[in-house]
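J.: Dumping the structure here so I can ask a few things about it.
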Amino acid sequence: MASASRQTRPAGPGHARRPFRAACILLALLLLPAAQAQVPPLGDPGRYPEPEDFGRLHFYLVTVDVGDRLWDNFGHSALRVHDEVSGADVLFNWGGFDASGGMFRFGFRFFLGEMNYRLFTVPTEQAYALYREEERSIWEDRINLNNAEKARLYQRLMWNLEPENLVYEYDYFDDNCTTRLRDYLDEALDGRLSGQYTGMTATTYRQVVQSHYASISAVAMLLDLAMNSNIDRAMSEWESMFLPLNLRRQLLRMDSDVALGGEQLPLLAESRLVDEFPPPSRQWDAYMVFVVILASLTLWLLFTTRRRRYSRFMDSSHNPPRTLSPAGYQVLGAATLIGSIFSGMLGCLMLGSWFWSGHEDLHHNFNLLLFWPTDLFGIAMSLRWLFLKSPWPLDQYSAPYTNYYILAHVVGIGAYAGIHFGGLTEQDLSNVTTWLLAPMAVVMVLIWQRGFRRVENAIVL
């Protein structure tokens, strides 16, 4: 049956009227095993056999609301194809990916930018049942197309069902399940969609990412830190239709080329809410939680500081005039352990992605001024504070390196603030500047003054 999809026949009324062969093609391709942002040319417009009656072939835009998981927070778009003659009712879904190798392998390939998504075709009710289980609202709108537009869209779908065309290189902004549908509809409408929406919006990609991941605040914070200035430009109206709800909103504003009783019909009609569920609720702000925890730990450390006899920075025994209680060193160790892992891993991610990831939105990130891969070495110091409950000993050889490293971090914090307030970068640094700079500076100074003690060259336990 699949071989029939490769036959080339002229379209037109001269075809022998047989049972809807294209429906058989669709259903047969359901059994097949499991890129380009610009739509490639189809070639022969009559390459694939067409349905018996385009007047009884209907296309529906299916829009699925956002979910509360990492991969569905932008929502989803699909295309329902229903043929009254054959009874075929199939949903074209461009959001499939292969995770059979495990999520670690998938995540690593995602980091490298090697994301192969694919088209799946499934019975409509089967797909709707899955979205119901996920408790995601579903909207369905019939797309009013004339026969010529239906033919163009149908031929494109048949082309996409060819095994060599099923897989595409996914891009979360430029080539995803929604942009595929947008581009195919624009092709069917002979460019009217892209021709109508040529303006600019006032919304940046960063704002979209932050709002859509508000239900997973920790992810929103990590993405805000990990992504660079590429996502800080305003989207065009065309680009904004990578979001399913935006695509539906814009299509609802368009008129079709179909008239009924002398009146032109809208492009989307017979809209219905298939299922309705409450959207994911907004979560606590991760930046605010981070600052509250850090402020609490800082106050704890300040209140557990014990004053020594001498008021100089270093007394005659080379010990600081103020030191922490044993419990204070445990708190300092726990805070430093978490901070070293977070900063070091984030620094490794940003630096590694700059060289090895295909995601250009992760390259040349100004947040590297704050988060360094070498911060992972702080784990060793944190473990001493945590378990031995005593300051880290510094001799005449290690003291300069430690002092310069902490000083470099403080200088980096100052340079970051200067870049932000001086408007020297297009990257939006406002969240980091507002929430993180001051606490990071306080912690660095606190570690500098409370976490170390000078010793002579000797073995120290």
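The values are calculated or read from the model by the stated rules, or taken from the named source; none is laboratory data. Just so you know, these numbers come straight off a predicted model, no measurement behind them. With ideal geometry, Cβ positions are generated from the backbone for all residues, glycine too; neighbour counts draw on all protein chains shown. Note: accessible area is taken over every heavy atom of the protein model, side chains too, but ligands, DNA and RNA are not part of it. Shrake-Rupley method; radii C 1.70, N 1.55, O 1.52, S 1.80 Å.
J.: I'd like the full set of residues that are under 21 Å from GLU140 (Cβ atoms) and over 17 Å from the mean Cα position of the chain (by Cα), limited to segment 225-256.
T.: Quick first cut of segment 225-256, residues under 21 Å from GLU140 (Cβ atoms) only: 241-256.
Selection gives LEU247, ARG248, ARG249, GLN250, LEU251, LEU252, ARG253, MET254, ASP255, SER256.
J.: What is the number of the single condition among (1) at pLDDT below 95; (2) farther than 29 Å from LEU273 by Cβ; (3) open to solvent by less than 40 Å² (accessible area, probe 1.4 Å) that GLU169 does not meet?
T.: Just one mismatch for GLU169, condition (3).
J.: Could you tell me which residue of segment 45-65 is farthest from ASN147 (Cα to Cα), considering only residues that are crowded, with 21+ Cβ neighbours inside 10 Å and among the hydrophobic types (A, V, I, L, M, F, W, C)?
T.: Filtering first and then ranking leaves VAL64.
J.: Related question: Any residue at all in segment 119-133 that is over 15 Å from VAL90 (Cβ atoms) and either outside any helix (DSSP H, G or I) or among the polar types (S, T, N, Q) (or both)?
T.: No, segment 119-133 contains no residue that is over 15 Å from VAL90 (Cβ atoms) and either outside any helix (DSSP H, G or I) or among the polar types (S, T, N, Q) (or both).
J.: Hey, can you tell me all the residues within segment 244-279 that are in a strand (DSSP E or B), open to solvent by 60 Å² or more (accessible area, probe 1.4 Å) and closer than 22 Å to ALA78 by Cβ? Before you say what the answer is, go through the steps one by one.
T.: Let us first name the residues in segment 244-279 that are in a strand (DSSP E or B), namely 255-260, 263-266, 268-275.
When the remaining residues are screened for being open to solvent by 60 Å² or more (accessible area, probe 1.4 Å), the result is 255, 257, 259-260, 263-264, 270-273.
Within segment 244-279, GLU270, SER271, ARG272, LEU273 meet the criteria.
J.: Kindly provide the set of residues from segment 140-163 that are within 16 Å of ASP255 (Cα to Cα) and among the acidic types (Asp, Glu), ordered by number.
T.: Answer for segment 140-163, where residues must be within 16 Å of ASP255 (Cα to Cα) and among the acidic types (Asp, Glu): ASP141, GLU149.
J.: Is it true that some residue in segment 360-380 is modelled with pLDDT of 95 or more and in contact with a Cys (Cβ under 6 Å, 6 or more places away or on another chain)?
T.: Looking for residues that are modelled with pLDDT of 95 or more and in contact with a Cys (Cβ under 6 Å, 6 or more places away or on another chain), one finds at least one in segment 360-380, hence yes.
J.: Follow-up. What number of residues in segment 401-436 are modelled with pLDDT of 95 or more, in contact with a Leu (Cβ under 9 Å, 6 or more places away or on another chain) and of a type in the set (S, T, N, Q)?
T.: Selection size over segment 401-436: 1.
J.: Taking ASN367 and the conditions (1) part of a loop (DSSP other than H, G, I, E, B); (2) within 30 Å of ASN116 (Cα to Cα); (3) of a type outside the set (D, E, K, R), which numbered condition does it fall short on, given that it satisfies the others?
T.: If we test ASN367 against (1) part of a loop (DSSP other than H, G, I, E, B); (2) within 30 Å of ASN116 (Cα to Cα); (3) of a type outside the set (D, E, K, R), just (1) comes out false.
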